Structures are given as structure tokens and as C-alpha cells.
1. Can you pull out the residues in the range 75-92 that are surrounded by fewer than 16 Cβ atoms within 10 Å (Cβ to Cβ) and touching a residue at least 40 places away in the same chain (Cβ under 8 Å)?
2. Residues of the range 99-128 being surrounded by 16 or more Cβ atoms within 10 Å (Cβ to Cβ) and not in a helix (DSSP H, G or I), which ones?
3. Given the conditions (1) touching a helix residue (DSSP H, G or I) at 6+ places or on another chain (Cβ under 6 Å); (2) at pLDDT 85 or above, which single one is not true for residue 19?
4. Identify the single condition in (1) out of contact with any helix residue (DSSP H, G or I) (no Cβ under 7 Å at 6 or more places or on another chain); (2) under 19 Å from residue 66 (Cβ atoms); (3) surrounded by 13 or more Cβ atoms within 10 Å (Cβ to Cβ) that residue 96 does not satisfy, given that it satisfies every other one.
5. Show the residue pairs meeting these rules: Cβ distance below 8 Å; 6+ apart or different chains; first residue within the range 62-74 and without any contact (Cβ under 8 Å) to a residue 60 or more places away in the chain and at negative phi; second residue surrounded by fewer than 20 Cβ atoms within 10 Å (Cβ to Cβ) and part of a helix (DSSP H, G or I).
6. Looking at residue 101, is it within 11 Å of the chain's Cα centre (by Cα) and at pLDDT 85 or above?
7. Output the residues belonging to the range 74-89 that are modelled with pLDDT under 90 and either closer than 12 Å to residue 131 by Cα or in a helix (DSSP H, G or I) (or both).
């Protein structure tokens, strides 16, 4: 006799580690460190377009929001790895990175020249890479 829900296509999560506060903190720490060291890539609009400078700001407000961003990504990863699934984590975090990195730059895209558009694209790709690296760290800590 088959049990309730057998054969419904939902993965069995009984063998997975439970979600605890300590486990989430241990998973959050390397992502918070990553987001502190590699912040969202900015672009100085008041400089000439051929100026190759990345903008990093390290004050308490920025660091605090980066830690909150790392916490949200950690909770999202915990939802993925601990209940929904475990495969293709890199694709999941690449899509989240695209959702985070491109919309704000697409608004600026229509108002700038070609060189600044290329810079916007490169910076958005760096931000997507930041999320994929964070996903790798979380896959390592939560899987």
C-alpha cells in the first residue's frame, strides 16, 4: 500500500538537515563577507565615460544594507536547498542576479551613450557573478 503523497513528484526532505538559526548564521557569514568585500558594482556618472573607476563605498549604512542583502539571499538559499530542491543552484542564483542587476541599469541604459552602455553591461555582469559566487558559498554551506 502506498503512503499519502507517494508518487506525486515531490522530493523527500526527511534526510536533509534541519533549518536552525545556527546553521543559517554559519551559512550567512561567508556571504556577508563576500558582499562586504565585493559590493554592488557602481559607476560614477560625473566622471568622463572613459574613466575606468569602480565605485566602492564603505560606510556603516552601505555595509548594513549589504549584510541585509546577504541575509535575504541566505534565507532564499535555505528555502531552495532545505525544501524545494537542490539541483541547478547556479542557474537559480544567476537568474536572481539578473533580476537584481539589470532592471536599475536598464532604466539608465536609454539615457546614456554607447560607451556608458557597455560599462553598464559589464557592471551588471559583475553583479550577476557576485550572486552566483554567493550561491556557490551557500550551496557549500547548506547542502
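1. Within the range 75-92, 75, 83, 85, 86, 90 meet the criteria.
2. Residue satisfying the conditions is 112 alone.
3. (2)
4. (1)
5. 63/36; 66/36; 67/36
6. no
7. If we filter the range 74-89 for residues that are modelled with pLDDT under 90, which is where we start, we get 75-89.
Within the range 74-89, 75, 76, 77, 78, 79, 80, 81, 82, 83, 84, 89 meet the criteria.
The values are calculated or read from the model by the stated rules, or taken from the named source; none is laboratory data. Everything quoted here is computed from the prediction, not taken from an experiment. Ideal geometry is used to build each Cβ from the backbone, glycine not excepted, and the neighbour counts take in all protein chains shown.
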